[in-house]
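Here the structure comes first, spelled out in structure tokens, and everything after it is commentary.
The values are calculated or read from the model by the stated rules, or taken from the named source; none is laboratory data. Model, not experiment: these values are computed from the prediction. As a convention, Cβ positions derive from the backbone with ideal geometry for all residues, glycine included, and neighbour counts pool all protein chains shown.
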Amino acid sequence: MVLTDTHTHLYYETDEVKRALLIQRCKDNSINRLFLPNVDASSIPMVFGLQASYPDMCYPMMGLHPCSVKETWEEELEAIEQALHQHKIYAIGEIGIDLYWDKTHLTEQIQAFKKQIGWAKALKLPIDIHCRDAFDEVYEVLLQEQDNDLRGIFHCFGGTLEQANKLIDIGFYLGIGGVVTYKNAGLDKVVAQISLDNIVLETDSPYLTPVPYRGKPNESSYLIYIAQKVAEMQQTDLETVAAITTENSKKVFGI
Ligand SMILES: [Zn+2]
């Protein structure tokens, strides 16, 4: 069995020993593929540093997180664009719109999102979308930018069945994480009604820890609890969920 964590910030752990333990616990739980999004210019070396240590497990993504779109966003984008041409990467991300913390830079967030979608199209890469309190704004950009090349993952999907179907209809996979294990979030019922063919799994570690470790820092090895919950909602077994969601991740990332 191979499970794929399509979105983890495991590189935030900089202690070599603790890092090795995190990786070992992933292997113990059959989580053998980790996709790493940076968030800004300063996190670029962290992503490539972790990948250099574990090249057979770690796959980098590059982008400017919408919460990092501040006054210096154009300089940040320049640094990230350089990194795209110096390293092999597997997606542009995480990119998108976040109106939960701060709405002041909405215009710049949209500009940065569109510019990075342009990189993805030019490089024929998928995008990894971060969206918080901004579904309509993100969806509008996706419709405007839609062409035969634009594809990717809607990371940390937590919306309604209608929103899920809108994304599936334009060729996006839904990134399902720890929220599916939360009582009252309602995501489990949405997951029960969509095909496994449209789902990839993720932890977003160290955030959004699944039950039974909710309240503690998240780690990629906990992907197993997310996969188990998805299996339960889909009325199937863990092996089937692992096989289909890993196959989906291979289709989207090309590896
Ligand atoms: Zn993230």
Scope segment 16-38; condition in contact with a strand residue (DSSP E or B) (Cβ under 6 Å, 6 or more places away or on another chain), touching a residue at least 60 places away in the same chain (Cβ under 8 Å) and not β-branched (Val, Ile, Thr); matching residues: SER30, ARG33, LEU34, PHE35, PRO37
Meets criteria (within 27 Å of LEU22 (Cα to Cα) and more than 16 Å from the ligand (Cβ to nearest atom)) for ASP40: no
Condition met for ILE80 (in contact with a His (Cβ under 9 Å, 6 or more places away or on another chain), among the β-branched types (Val, Ile, Thr) and within 16 Å of the ligand (Cβ to nearest atom)): no
Only one of THR107, THR4 that is closer than 21 Å to PHE172 by Cβ, among the polar types (S, T, N, Q) and either in contact with a Pro (Cβ under 6 Å, 6 or more places away or on another chain) or at pLDDT 95 or above (or both): THR4
Of all residues making up segment 97-137, the number that are crowded, with 18+ Cβ neighbours inside 10 Å, among the aromatic types (Phe, Trp, Tyr) and within 16 Å of the ligand (Cβ to nearest atom): 1
Residue list for segment 1-21, filter: buried (at least 22 other Cβ atoms within 10 Å of the Cβ) and either more than 16 Å from the ligand (Cβ to nearest atom) or more than 27 Å from LEU84 (Cα to Cα) (or both): LEU3
Segment 55-77, subset surrounded by 14 or more Cβ atoms within 10 Å (Cβ to Cβ) and within 19 Å of GLY254 (Cα to Cα), residue farthest from the ligand (Cβ to nearest atom): MET57
Filter pass, LEU174 being without any contact (Cβ under 8 Å) to a residue 60 or more places away in the chain and crowded, with 23+ Cβ neighbours inside 10 Å: yes
